[in-house]
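What follows is one structure encoded as structure tokens, with my remarks underneath.
The values are calculated or read from the model by the stated rules, or taken from the named source; none is laboratory data. Since this is a predicted model, take the numbers as computed values, not measurements. Cβ placement follows ideal geometry from the backbone for every residue including glycine, while neighbour counts extend to all protein chains displayed.
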Amino acid sequence: MNFNAPLLRPIRVLLFPVSLVYGAVIWLRNRLYDKNILKSSAFNLPVICVGNLSAGGTGKSPMVEFLLKLLHSHMEVAVLSRGYKRKTRGYALAGPGTSALEIGDEPMQFHLKFPDVSIAVGEERVVAIPQLLHDKPDTKVIVLDDAFQHRTVRAGLNIVLSDYSNLYTRDWFLPTGDLRDEKNSYKRAQVLVVTKCRPDLPEAEKAAILEEINPLPHQQVFFSTIRYGMPYHILTRQEMNINETMEVLLVSGIANPTPLKKYLQEKSKTYYEIPYSDHHIFSIDDLKDMVKRYDAIPTTNKIILTTEKDAVRLVKFEQQLKELPVYVIPIEVQFLFNEQQVFSDLITKFIREFTYRP
């Protein structure tokens, strides 16, 4: 369900008292960690946490993939995720034959794109990390996906993302807003990234956002945008370019499809949408609905387009998909202001100079 839909906004406002209770619980929990009443564990290898202060849609998966592209050819890297909405529980390590139902859609996406990287899931990360290191003892770096608010593990490097269109500084606690952590928690991060910016972000607006965020002296702030790649067929992986004569049926179950819809407005003749909730598990009835909607589009120059995260939950319908032009659009992070190398150097320097602090 999209809680930012206009019809639901009044309901979110009415839930303001619940937000106050939620915020109080988060505040208390953080103070218990700050005073070391609740314990955080550190590990004797570089751990990089990619997280946010808000619920979903800030671009964590593309950032994890950026780190994997940067590191996996030089060292043994592992990713540990919770595995949201999977049908299993506990620790699991991806291997041949693993499905999205077993480890979740985003970990499955990482596994398919980086088969030489160890991809594991586990709700209790402080328990899962030793299991991962037992299974993959040559691991040199662990990337924690979406773990910033889970303080049981103390990462050596915390990268906190915030959506340009919904900065955490302007947000409020769930369910009235999207915050799942205190705004002040940004102080625990070493790196802040404003994601999904417009590609031509002016220097003046960058300066205004920096002033609003008010980074601490030890923090580095980066600005990034989304770059979409060439769509490829979900089964054959044959590439195809979207052009202004094409009509597109967009099938998406992601937290924030707005940038993708804007992209289609610019690239295609028109697009239609079948929206699903984030991490939606597709059924055969969903597939029938897609076919019905696709057949109703009154042109022959048309395709069905979905995201990489959705594709790993659709590919189980392999037989039915053989007859359909279902294409997957890849996405990647692109840093603005010529700072991509600066960011990459920061990551490699952290790993190179890592010192264990129990």
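Does Thr169 satisfy the condition of being out of contact with any strand residue (DSSP E or B) (no Cβ under 6 Å at 6 or more places or on another chain), modelled with pLDDT of 95 or more and of a type in the set (Val, Ile, Thr)? Yes: the conditions hold for Thr169. Does Leu161 qualify as being in a strand (DSSP E or B) and either touching a His at 6+ places or on another chain (Cβ under 9 Å) or not small (Gly, Ala, Ser) (or both)? Criteria met by Leu161.
For Leu70, state whether it is touching a helix residue (DSSP H, G or I) at 6+ places or on another chain (Cβ under 6 Å) and crowded, with 24+ Cβ neighbours inside 10 Å. It is false that Leu70 is touching a helix residue (DSSP H, G or I) at 6+ places or on another chain (Cβ under 6 Å) and crowded, with 24+ Cβ neighbours inside 10 Å. Of the residues in segment 44-58, at least one is farther than 22 Å from Leu192 by Cβ and of a type outside the set (Lys, Arg). Given the criteria assigned to a helix (DSSP H, G or I), in the same structural domain as Tyr33 (by TED's automatic domain parsing) and either at pLDDT 95 or above or more than 23 Å from Gly56 (Cβ to Cβ) (or both), does Leu210 qualify? Here the answer is yes, as Leu210 does meet what is asked.
Checked against (1) buried (at least 17 other Cβ atoms within 10 Å of the Cβ); (2) farther than 22 Å from Leu101 by Cβ; (3) free of Cβ contacts under 8 Å to residues at least 60 places away in the same chain, Thr307 meets all criteria but (2). Of all residues in segment 222-234, exactly one satisfies the criterion of being within 15 Å of Thr58 (Cα to Cα) and of a type in the set (A, V, I, L, M), namely Ile226.
Can Val251 be described as touching a helix residue (DSSP H, G or I) at 6+ places or on another chain (Cβ under 9 Å), within 23 Å of Gly59 (Cα to Cα) and not in a helix (DSSP H, G or I)? Spelling it out, Val251 is indeed touching a helix residue (DSSP H, G or I) at 6+ places or on another chain (Cβ under 9 Å), within 23 Å of Gly59 (Cα to Cα) and not in a helix (DSSP H, G or I).
As a summary of the residue check, Thr58 satisfies the conditions (1) under 20 Å from Leu167 (Cα atoms); (2) hydroxyl-bearing (Ser, Thr, Tyr); (3) at pLDDT 95 or above except for the one numbered (3). Within segment 121-149, the only residue that satisfies the criterion of being small (Gly, Ala, Ser) and either assigned by TED's automatic domain parsing to the domain that holds Tyr33 or farther than 29 Å from Val25 by Cβ (or both) is Ala147.
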